[in-house]
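*Asks:* The structure under discussion is supplied below as structure tokens; questions concerning it will follow.
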């Protein structure tokens, strides 16, 4: 990591206050109330988090709120709870018994609704199935499924019996499965025959069959039938979900577990080197996801909430499953691709289920921008009252488009910053309290102490770019990297000693608003200036012709690094040398000649993971050598790479 700060070049002045009507019904209704909460949490963090924790059910109260031996934290020590109980039983005991917990839409158009009572019934049966297969408290279970209701059912069943789960994204290869199963020593795998994606079948059981000869710890495989395709069943090892569920008892009391009992492992940065198993425990994660869900999304009893993330990523864990269900909300799940069979599938779904809160990724928003306004304009979407973004910084133009075209100018936007490691959202507006600025994640959540510092850990001046750090422990934080506490210490707590290093660049403006500038790894060093790729991308997307842009660095003998831009255009725009020159000049005018791209390539699409993140690593390879040699198993659409590699322009 370089020793000096990041040059910041993006300027954004627009400010959007929440409407009086929105404020009047919000959980947190004013900036003053936010400031009071923030101050209270800063001065007495243990008291603040304990008050929130008391809103959940505990089998046994904690003795101490926090024990902090840098960098290792324990929260709610001595307390016992069960997350499955907090998601289900406590609602079933009251008025939410017959409320919809999960609404599911399959890609082919089939759908299901599970009430809290029905979900508890299914989860209890599944927990007993796992017990019948010899899964005990503390055993790890790998879950490799598409976006079907049986995925959250399996997660909640694991939590119910105290078996930590590791969900492996259904788009990952057999090799990724091998790495993750072997790292955590999973004794069972839960999968399905196949899933649907863009009208095609994704063969999941087949990948499990390829992986298991190299996974000595796995004794049982539970297979849910989704598409009905033919699969090979290994006698004694493989079991059909529907057959075992049919005879299982629906009586399975939730197992009280210690607050620090492992809840799940989620592997991150597995595309290069050894995947890191991020370990989250039960008590702190429960508290963090519960309260962030309630305050950030300003949740009301009657809301239908849709987070579009795949449950294979942390966003799906926290804001499709655990956050909504702890709050007794109705959570919508969709199985397939956002533009299948037509480009308005998301907007059709919002209208069909009268979605009130919609939470998606900036890359998805930019892809929708490119497809044109006519698709969302086909649908009224009057039910929407709050929009959210997650996954990477959102550029101001996409933010404004999201507000105007999807929210019709009336919905506040919560732009949330967080990570797999943080467990829950960390920097975000509380929508009734904080005026928003397009492109800024605004303020830290109460109880989260952040700063922007230089390499020595000193705060940088207002407006200057630096490294984002978190200075104090928080309940939903990762506890370690599974089996590798030394790597945990080195990676997160030693880069800037004594502080959690997020790996992101950021700046704080004169109003105290935080602006994320992308991964520090993505910062370009151009002729001695350290430039944020996000800011250059933002400038490109501000041009009326551009829908989406990704910027990477390639080696340059004179400047150190040259700026390489990959650009997709809006419908009706023509690529060519003239537009290239216009865009280079545009960037020079917007943010200065130093940021002017050295080369621009027009492309129909950018390489992305199925969670919507742009794979800049692959673009760097193309910009540098014209070919891709790295791992591409997480790529959503392989044809994108073929086109990019074959076209130097």
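The values are calculated or read from the model by the stated rules, or taken from the named source; none is laboratory data. Computed from a prediction, not measured in an experiment: that's the story for all the values here. As a convention, Cβ positions derive from the backbone with ideal geometry for all residues, glycine included, and neighbour counts pool all protein chains shown.
*Asks:* In region 471-481, what residues are in a strand (DSSP E or B) and surrounded by fewer than 22 Cβ atoms within 10 Å (Cβ to Cβ)?
*Replies:* 480
*Asks:* Still on this structure, I have one more. So which of 129, 135, 148 is at pLDDT 95 or above, within 22 Å of residue 88 (Cα to Cα), in a loop (DSSP other than H, G, I, E, B) and over 23 Å from the mean Cα position of the chain (by Cα)?
*Replies:* 135 is the lone residue from the list that is at pLDDT 95 or above, within 22 Å of residue 88 (Cα to Cα), in a loop (DSSP other than H, G, I, E, B) and over 23 Å from the mean Cα position of the chain (by Cα).
*Asks:* Would you check which residues across region 482-491 are buried (at least 21 other Cβ atoms within 10 Å of the Cβ) and within 12 Å of residue 72 (Cβ to Cβ) and list them?
*Replies:* Of everything in region 482-491, just one residue is buried (at least 21 other Cβ atoms within 10 Å of the Cβ) and within 12 Å of residue 72 (Cβ to Cβ), namely 488.
*Asks:* Could you grab me the full set of residues in region 159-179 that are free of Cβ contacts under 8 Å to residues at least 60 places away in the same chain, in a helix (DSSP H, G or I) and either in contact with a strand residue (DSSP E or B) (Cβ under 6 Å, 6 or more places away or on another chain) or under 18 Å from residue 483 (Cα atoms) (or both)?
*Replies:* Within region 159-179, 177, 178 qualify.
*Asks:* Would you point out which residue out of 370, 366 is modelled with pLDDT under 95, surrounded by fewer than 24 Cβ atoms within 10 Å (Cβ to Cβ) and assigned to a helix (DSSP H, G or I)?
*Replies:* None of the other options fit; the residue is 370.
*Asks:* Residue by residue through region 339-359, note down the ones that are more than 21 Å from residue 202 (Cβ to Cβ), in contact (Cβ under 8 Å) with a residue 40 or more places away in the chain and not in a helix (DSSP H, G or I).
*Replies:* 354, 355, 356, 357, 358, 359
*Asks:* Here is a follow-up. Looking at residue 219 and the list (1) buried (at least 21 other Cβ atoms within 10 Å of the Cβ); (2) closer than 20 Å to residue 165 by Cα; (3) touching a residue at least 40 places away in the same chain (Cβ under 8 Å), which single condition is not satisfied?
*Replies:* Failed condition: (1).
*Asks:* On to the next question. Please verify whether region 610-631 includes one or more residues that are surrounded by fewer than 20 Cβ atoms within 10 Å (Cβ to Cβ), in contact with a strand residue (DSSP E or B) (Cβ under 7 Å, 6 or more places away or on another chain) and modelled with pLDDT under 85.
*Replies:* Among the residues of region 610-631, not one is surrounded by fewer than 20 Cβ atoms within 10 Å (Cβ to Cβ), in contact with a strand residue (DSSP E or B) (Cβ under 7 Å, 6 or more places away or on another chain) and modelled with pLDDT under 85, which makes the answer no.
Residue by residue, here is whether (1) at pLDDT 95 or above; (2) in a strand (DSSP E or B) holds:
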| residue | (1), (2) |
| --- | --- |
| 271 | no, no |
| 279 | yes, yes |
| 286 | yes, no |
| 295 | yes, no |
| 300 | yes, no |
| 317 | yes, no |
| 333 | yes, yes |
| 337 | no, no |
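*Asks:* A further question on this structure: Identify the residue in region 435-463 that is surrounded by fewer than 16 Cβ atoms within 10 Å (Cβ to Cβ) and closer than 23 Å to residue 36 by Cα and, among all such residues, is farthest from the chain's Cα centre (by Cα).
*Replies:* 462
*Asks:* Of the residues 35, 21, 67, which is over 20 Å from residue 299 (Cβ atoms), at pLDDT 95 or above, more than 26 Å from the chain's Cα centre (by Cα) and part of a helix (DSSP H, G or I)?
*Replies:* 35
*Asks:* Condition first: over 20 Å from residue 543 (Cβ atoms), surrounded by 19 or more Cβ atoms within 10 Å (Cβ to Cβ) and without any contact (Cβ under 8 Å) to a residue 40 or more places away in the chain. Now tell me which residues in region 379-406 satisfy that.
*Replies:* Listed by number, the residues that qualify are 381, 384, 387, 389.
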